[in-house]
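To start, the structure under review is shown below, and the notes come after it.
Only the coordinates and a few stated rules stand behind these numbers; no lab work does. Only a predicted model underlies this, so the values are computations on that prediction, with no experimental measurement involved. Cβ placement follows ideal geometry from the backbone for every residue including glycine, while neighbour counts extend to all protein chains displayed.
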Amino acid sequence: MLQFDQTFYDFLLEHQERHNRTYHFLILMNSILNAAKRIQHYYLTGALRGHLGLAGSVNVQGEEVMKMDEIANDLVKHYLKRSGRVIHAVGEEEEEIIPMNVEGGRYFVYYDPMDGSSNVAHNLPVGFLFGVAKRNLEGPEDMHLRAGREYIASGMFVIPTGTFTIALRQAGCWRFHIDETFNYVRPTLMQLPENRKSWELSFNSANRSTFAAKIQKWIAENEQKYAFRYMGALAGDFHRILLNGGLFMYPAIVNHPDPKKNRPQGKLRLMYEAAVVAFMCREAGGGAVDETGTSILDIVPQKPHQRTALYLGSKPLVEEIGLVLKGQ
Ligand code: AHM
Ligand code: MG
């Protein structure tokens, strides 16, 4: 007897029907998967086609845009628009909020189409990250930028590895693998392991002397207890943490010898990087806080491209570092 793997669509359809939900979310996810598969394709062939270099422009964040940033962003925008289900989107490459189906749309989508730019030239892992929130179905729509705790789903594709992990509100965090027919299949429930033996620490160690003194002290006292791994792409680094447990951090830079290079607000973007992984991490039993020890999911964004420091991973470690951050 042939065995057929459960696809992501089968999984989501069952989920929506079990909870008496509409098919709108399925249509939205179809557009996100369409974009992801095409990003995967362009990235896989990127070295051969000359897509891994610079585009020659600078984005809203003041960073040099790569060809793959543009290709991935165009793909995501195209498919989100075609779904007809998106009110507006916030994307890393676009300064303004991107209006889509403002009248009839149902969801807000926050996305980073190609995260981990330093890996692009090498064709090494990058991520397509997204968070989804829903419009106010009752009462007036406020078009508000939503905090992570209001997301209904968030996910990440690790490209070109071919894994897709998605968290659905109160329904867990699930990992799928791409098969030879470009379908994401075989859902596995992700739960951060309690056993500390496999836990890892993940941060850019070259920055350590620029962190707050209390964070430097914590690192010096604790780093020997854990394996150290750092890929330089949030999706890849968090992917490991989800399976092995531990702590990923991108602390605020406050002690840089060149004060202009300090980043007291952190580096990562709240809406389409930090809140996306924090939501997934919560569904997998973990946590995430910012530099003040506040839960990432509780931060209400004041602007679309807001940055934050991020401490993310196994609950006991996030709680431990949270006390340090709060000065307790
Ligand atoms: P990007 O959006 O420019 O790619 O920056 C985000 C990335 C994350 O994926 C990663 O965790 C971090 O920046 C790595 O930064 P660094 O190179 O400073 O270690
Ligand atoms: Mg990014």
Residue order, fewest to most surrounding Cβ atoms within 10 angstrom, among Ser31, Ser117: Ser117, Ser31
GNM flexibility winner over the chain from Gly232, Gly50, Gly266 (Cα, springs under 10 Å): Gly50
Cut-off under 5 Å, modelled amide H: who pairs with Lys134 long-range: Phe108, Ile152
MRE, 222 nm, helices only [DSSP H, n ≥ 4, -39500 (n - 2.57), over the chain, to nearest 500]: -9000 deg cm²/dmol
Over 27 Å (Cα to Cα) - which of Lys134/Lys214; Lys225/Lys315; Lys134/Lys261; Lys197/Lys261 fall in this group: Lys134/Lys214; Lys134/Lys261; Lys197/Lys261
Local net charge near Gly287, Cβ-Cβ under 10 Å (Lys/Arg +1, Asp/Glu -1): +1
Burial order of peptide ranges 309-316, 190-197 (average beta-carbon count within 10 Å, highest first): 309-316, 190-197
Restricting the range 1-101 to GluC sites (Glu not before Pro) in coil, as DSSP defines it, with at most 14 other Cβ within 10 Å: Glu63, Glu95, Glu96
q = 0.14, 0.15 Å⁻¹: log10 I(q)/I(0) that the Debye formula gives for the chain, counting C-alpha atoms only: -1.13, -1.29
Volume per residue that the Cα convex hull of the range 8-189 spans, once the total is divided by residue count, Å³: 119
Alpha-carbon centroids, the range 244-282 and the range 114-189: separation in whole Å: 18
Likely footprinting exposure, Phe279, Phe4, fewest C-beta neighbours within 10 Å first: Phe4, Phe279
Size of the range 218-328 as Cα extents on the principal axes (Å, biggest first): 35, 30, 30
